[in-house]
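To start, the structure itself, in structure tokens.
Derivation of every value follows stated rules applied to the coordinates shown; laboratory data play no part. No experiment lies behind these values; they were computed from the predicted model shown. No Cβ is skipped: glycine too gets one built from the backbone with ideal geometry, and neighbour counts run over all protein chains shown.
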Amino acid sequence: MLALRLEKELEERIARVAAARGSNKSTVVREAVIRYLEDQEDSVLAQRARKTRGKARTIAEVRKALGLDR
């Protein structure tokens, strides 16, 4: 469980979104946090991919590394 304090304006915005969706504030915040974390994780993966640029492998090399070529 996590408790946090939000500015009144932000809490009101969350409440409006929840009401428009027929949901509750906890669900709106939970889903927003999940989306944010997924975006951050994707960003980390993209940064790693950029760092390994130039180390691309052919499909044949990947298949061989995975033991799929028989």
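Things worth noting here:
- GluC sites (Glu not before Pro) restricted to the chain and DSSP loop, no more than 13 other C-beta within 10 Å: Glu7
- When you work out D = kT/(6 pi eta Rh) for the range 8-65 at 20 °C and 1.002 mPa s, using the Kirkwood radius from C-alpha pairs as Rh and the Stokes-Einstein form, the result is 146 µm²/s.
- Listed by chain and number, the lysines whose alpha-carbon sits under 22 Å from that of Lys8, ignoring those within fewer than 8 places in the same chain, are Lys25.
- Counting only lysines at least 8 places from Lys51 when in the same chain, those with an alpha carbon closer than 26 Å to its own are Lys64.
- Here the Karplus curve 6.51 cos²θ - 1.76 cosθ + 1.60, taken at θ = phi - 60°, turns the phi angles of the range 42-51 into couplings of 4, 5, 4, 4, 5, 5, 4, 5, 5, 5 Hz, with x standing for Gly and Pro.
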